[in-house]
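Down below is the structure, laid out as structure tokens.
The values are calculated or read from the model by the stated rules, or taken from the named source; none is laboratory data. As the structure is a prediction and not an experimental result, all values here were calculated from the model. All Cβ positions, glycine included, derive from the backbone under ideal geometry; neighbour counts span all protein chains shown.
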Number of protein chains: 2
Amino acid sequence: MTAKTTAFDAISALLGSRFTQSQSDRDIHGRSESHFAPMPPDAVAYPRSTEEVSAIAKICSGAGIPLIGWGTGTSLEGHALAPRGGVTVDFSQMDKVLDVAPEDMVASVQPGVTREALNTELRATGLFFPVDPGANASLGGMAATRASGTTAVRYGTMKTNVLGLEVVLADGRVIRTGTRAPKSSTGYDLTSLFIGSEGTLGLITELTVKLHGQPEAMRAAVCAFDNMEGAVNAVIATIQSGIPMARIEFVDSASAAYFNKSSGGDWPDAPHLMLEFHGSESGVAEQAARFGEIAEDFGAQGFRWAEKTEDRNALWAMRHNAYRAALTAYPGRRPITTDICVPISKLAEAVEETAEEIAASGIPGPIVGHVGDGNFHALLLPLEGDAQEWERAQALAANMAERALRLGGTVSGEHGIGMGKMKYMAREHGEGWAVMGAIKAALDPEGVMNPGKLLAGN
Amino acid sequence: MTAKTTAFDAISALLGSRFTQSQSDRDIHGRSESHFAPMPPDAVAYPRSTEEVSAIAKICSGAGIPLIGWGTGTSLEGHALAPRGGVTVDFSQMDKVLDVAPEDMVASVQPGVTREALNTELRATGLFFPVDPGANASLGGMAATRASGTTAVRYGTMKTNVLGLEVVLADGRVIRTGTRAPKSSTGYDLTSLFIGSEGTLGLITELTVKLHGQPEAMRAAVCAFDNMEGAVNAVIATIQSGIPMARIEFVDSASAAYFNKSSGGDWPDAPHLMLEFHGSESGVAEQAARFGEIAEDFGAQGFRWAEKTEDRNALWAMRHNAYRAALTAYPGRRPITTDICVPISKLAEAVEETAEEIAASGIPGPIVGHVGDGNFHALLLPLEGDAQEWERAQALAANMAERALRLGGTVSGEHGIGMGKMKYMAREHGEGWAVMGAIKAALDPEGVMNPGKLLAGN
């Protein structure tokens, strides 16, 4: 028997039918939502407890078998693919909300709880969990990739909304980071180290997250601009003015067109901003008025307001569906997602240069973005099977990354590195990438945790 | 010649008179503000550039000579003492504000810039840097210890207010972490790793910090309560209600008495809350009214308002001077600072148990705290030279730490570990402390960076 067979037998003995090498399970866990070719694992495990995850890690690291965490499979840079086989640890059966403490505005959850499930659970408490990457991702996956999304401009990212973690290390040791106290100054910030480590240092088996009070009042709106420049400059002025926007999203005219198509809307053929204001009744009114004045200066028109919950939900569902709607609107094309983030003062330059270059390429590339954070995405859509378009699209993506760095920004605002962006790591981090590698080697000397992602030589 | 002599000659050749082994320089850098016995370094270096710091690190790590960073020497757990000698790197000559970018609300500074110096520099921009630990500490030191203070309840700690760092590693390599973009998802969060690492992983040679808009309106106030319970429960209710307090500080009656003594005040002999509200004119009025209603429910009386800048400044100067005023008020006593932080719902229990135990001990122990964060300090004051009181005071401090952990909190909200709190690290972090040690060993295999602090076996 090989070491792998022995290891798999041991996991089988532990999990029974919750450990499988079936083709269908392997196939499902070998796919990603973006352009990467399928890379299935050798087996899939569905643990139900930290103890089981720890036992799996001990078995696999002892045998040098890769371990890949899996939440909902919605990451966009191939984070959860298995380029070297191994065992995918699917957290869908660790999906309990363990504890909600409204008096401390925190909740502890297992990693398989999705953001929507948590918010459903919180409904009666008057609290909510704000981080919203669009997809109904698992909180474990969101922590592992340092996710953010539409509300980060107001409420922060996973970095700012996780107080503590339980993590299973490569060798099966279980550590707990952080406490329920609002702050701490007791040594290295291990919580922050694991957030964004993309499963390369350990598997998150529990999270304690910060909750926020449901605002007394919420209003959403959409408005159109004559041109992209006006929309982006309105965002810059709004952020610089200090209006505490809850959401401020850019949508280009191409995206507006397929929003209409997918959701039966009637947005004009123009760039738009999608907005949300949170606060007291008077605070929301004040914010909306101040935003209105700024936006008008930059040529905004046709404001449409959504105050009823269902209207707001419909609006954000349309935004969240942007990626899938674009794929439907451009059939026969293979998506390359991009995700750059720049200082707010450089946003206009970054968006406009990108839009011009995409237009000149002849390849469809609608742009949407969490522009209040300086973060935007072009969805590049070269023709499936057209090697030349593919190369050109890759060059556009590389130019975007270079542009972000030139303007003092980062090659990923929120999607992460995975397999797709390792090529930019040396350029963004220099010697810091080697420091990441040294930390990786210290915590996972066998290199079993999510190999092939994020780190050089991983 | 010993390796040390050779190394010191090399640093002398580099820095000239900015490298000294004079007794007075060694003495100054061998003292701390709290109870630790003096532990002077062998020499003190005053670099003026990152290149010089890098060269010093290369020389020292090659010879196994300890390297200790020094900002203003205001840390409270012996962080900057030199228990194994070595070279203290004093950053007072790296004190330039390198760049202020109001359009991105960020500034880049050298580590020796103090928080007051930065805010003076920012005065004309309408922006400010909010983190305020009381002492006019250096920003490098504040980052190294993950400092916070009176305003963290609203603006966060150093963790949330630093976007990026330049760090010189033990072997002299220079890395840059973070960018000027508001968020990033490109690998391990090295910025957060170095913040709070207390000089054990590297020396911070540059910081990019977030700035905040000066609020349109600010109001401060003090109010008295019949008893501690009322004051603390008012804080809990205020935080739970979501009022965005800019400051909410607890001061017990003993502290109020020495505030009066040191600053000529006439506060009644009662526990107090010190408050500050930031926002628009109407927002501040609304917050103050809402707070007033809550506080009244818990027996607050005698509100005194400070709206003029000089009155507000005088009020916070009094608070910032609390530590020194207490030492003056209790002559012949040796201070033990404490610094626990608990979930907000446990604050009353934590403060009351602590106060009762201190009262029963007969040792003076005034309590103040950044209670909006669940963080408070008892300043234990055993008689100098009284071994029995010293032991009892140490037991009180240890009980506070145990209490914090029992209530789901942390043994340090903001002062850090240094030499003083290593004894609690295993209890708070369990196996996580070993993980910190593994990271330390990976980045500083010779163990030259601030030995004797934070880590087991360091």
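Annotations
- Count of residues meeting criterion [in contact with a Phe, Trp or Tyr (Cβ under 8 Å, 6 or more places away or on another chain), over 16 Å from B:Leu211 (Cβ atoms) and among the aliphatic types (A, V, I, L, M)] in the stretch B:88-114: 1
- With respect to the conditions (1) away from chain A (no Cβ under 14 Å); (2) touching a residue at least 40 places away in the same chain (Cβ under 8 Å); (3) in a helix (DSSP H, G or I), B:Ala378 lacks only one, and its number is (3).
- Qualifying residue in the stretch B:301-309 (condition: touching a helix residue (DSSP H, G or I) at 6+ places or on another chain (Cβ under 6 Å), touching a residue at least 40 places away in the same chain (Cβ under 8 Å) and under 22 Å from B:His377 (Cα atoms)): no
- Number of the condition not met by B:Glu431 [criteria: (1) farther than 27 Å from A:Ala170 by Cβ; (2) surrounded by fewer than 22 Cβ atoms within 10 Å (Cβ to Cβ); (3) among the charged types (D, E, K, R)]: (1)
So that you can scan it fast, the table gives a plain yes or no per residue for (1) surrounded by 23 or more Cβ atoms within 10 Å (Cβ to Cβ); (2) within 14 Å of chain B (Cβ to nearest Cβ):
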| residue | (1), (2) |
| --- | --- |
| A:Val44 | yes, no |
| A:Pro66 | no, no |
| A:Thr72 | no, no |
| A:Ala82 | yes, no |
| A:Ala101 | no, yes |
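- Boolean, A:Ile363 is hydrophobic (A, V, I, L, M, F, W, C) and closer than 30 Å to B:Ile204 by Cα: no
- Scanning the stretch B:430-458 for residues that are facing chain A (nearest Cβ under 9 Å), in contact (Cβ under 8 Å) with a residue 24 or more places away in the chain and not in a loop (DSSP other than H, G, I, E, B) yields B:Ile439, B:Lys440, B:Leu443.
- Looking across the stretch B:397-429, the residues that are hydrophobic (A, V, I, L, M, F, W, C), in contact (Cβ under 8 Å) with a residue 60 or more places away in the chain and more than 9 Å from chain A (Cβ to nearest Cβ) come down to B:Ala397, B:Met400, B:Ala401, B:Met419.
- Filtering A:Gly62, A:Gly69 for residues that are touching a residue at least 12 places away in the same chain (Cβ under 8 Å), under 25 Å from A:Ile11 (Cβ atoms) and part of a strand (DSSP E or B) leaves a single hit, A:Gly69.
- Filter pass, A:Glu357 being of a type outside the set (A, V, I, L, M, F, W, C) and in a helix (DSSP H, G or I): yes
- Selection status of B:Arg392, in a helix (DSSP H, G or I), within 14 Å of chain A (Cβ to nearest Cβ) and either buried (at least 23 other Cβ atoms within 10 Å of the Cβ) or in contact (Cβ under 8 Å) with a residue 24 or more places away in the chain (or both): no
- The condition (being surrounded by fewer than 18 Cβ atoms within 10 Å (Cβ to Cβ), modelled with pLDDT under 95 and of a type in the set (Ser, Thr, Tyr)) is satisfied by just one residue among A:Thr2, A:Thr6: A:Thr2.
- Restricting A:Val153, A:Val174, A:Val222 to residues that are within 30 Å of A:Pro268 (Cα to Cα), within 10 Å of chain B (Cβ to nearest Cβ) and at pLDDT 95 or above narrows the list to A:Val153.
- Residue match in the stretch A:186-209 (condition: surrounded by fewer than 24 Cβ atoms within 10 Å (Cβ to Cβ), away from chain B (no Cβ under 14 Å) and not hydroxyl-bearing (Ser, Thr, Tyr)): no
- Qualifying residues in the stretch B:103-119 (those that are buried (at least 20 other Cβ atoms within 10 Å of the Cβ) and not aliphatic (A, V, I, L, M)) - the one farthest from the other protein chains (Cβ to nearest Cβ): B:Gly112
- Under the condition of being in a loop (DSSP other than H, G, I, E, B) and hydroxyl-bearing (Ser, Thr, Tyr), the residues counted in the stretch B:183-195 number 4.
- Test: residue in the stretch A:121-133 that is under 23 Å from A:Leu193 (Cβ atoms) and of a type in the set (D, E, K, R): no
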